[in-house]
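Undergrad: Following this message is one structure expressed as structure tokens.
The values are calculated or read from the model by the stated rules, or taken from the named source; none is laboratory data. In this text, all values refer to a predicted model and were calculated from it rather than measured experimentally. Heads up, the Cβs are rebuilt from the backbone with ideal geometry, glycines too, and the neighbour counts pull from every protein chain shown.
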Amino acid sequence: MPLTPDGLLNFLDAHGIAATTHSHPPVHTVAESQALRGEIPGLHTKNLFLRDSKKNYFLVAIEEGTPVDLKGLRSKIGAKGGLSFGSAEALYEKLGVLPGAVTLLAAANDPQREVTVAIDEVLLAAPYVNCHPLTNEKTTTLAPSELLRFLAVTGHEPLRISLVEEAVAV
């Protein structure tokens, strides 16, 4: 049974992971998030749940305004063959969340580590990173060091990728 949003916040607290959570109306897209979330400090994530041709799954977190080229991303995350978006069913099965609530914090729902987590270095260089806590009705703010501690506690060693070259080329 996947964690609930409250269960996730309790998990963070139980592991001493410092985080602040803000409530807001439900958001489903980056544009909605920008319009409704208010003034929450730090960078906000755009999260991609992807799968490759060999049915390997990836959770890729980038800064919300960063364009992404799936062909260029493939080699950065070690995907085999083409990348496509994972289905809603696979998203729930692997990470326990629904579309619109994809988040790095869903790694807590992947105890078997079936999903490879990748984070753009831009996020890790920010003072704060903002993620949904398994629901699109809240945003949780963490320092990058706390986010990395969370991933370590869940057994996920994230791939650190850089999409700066692609953003500059666009």
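Undergrad: Is it the case that some residue within the range 105-119 is assigned to a loop (DSSP other than H, G, I, E, B) and free of Cβ contacts under 8 Å to residues at least 40 places away in the same chain?
TA: The answer is yes; a qualifying residue exists.
Undergrad: In addition: For the structure I just gave you, tell me whether ALA88 is in contact with a Pro (Cβ under 6 Å, 6 or more places away or on another chain) and more than 18 Å from LEU8 (Cβ to Cβ).
TA: yes
Undergrad: It is to be established whether one or more residues within the range 93-107 are touching a Lys or Arg at 6+ places or on another chain (Cβ under 7 Å) and closer than 22 Å to VAL27 by Cα.
TA: Within the range 93-107, none of the residues are touching a Lys or Arg at 6+ places or on another chain (Cβ under 7 Å) and closer than 22 Å to VAL27 by Cα.
Undergrad: (1) surrounded by 16 or more Cβ atoms within 10 Å (Cβ to Cβ); (2) modelled with pLDDT of 95 or more: which one isn't true of GLU93, the others all being true?
TA: (1)
Undergrad: Considering only residues that are in contact with a helix residue (DSSP H, G or I) (Cβ under 8 Å, 6 or more places away or on another chain) and closer than 19 Å to LEU163 by Cβ, look in the range 96-114 and name the one that is surrounded by the most Cβ atoms within 10 Å (Cβ to Cβ).
TA: So, considering only residues that are in contact with a helix residue (DSSP H, G or I) (Cβ under 8 Å, 6 or more places away or on another chain) and closer than 19 Å to LEU163 by Cβ, the one surrounded by the most Cβ atoms within 10 Å (Cβ to Cβ) is LEU104.
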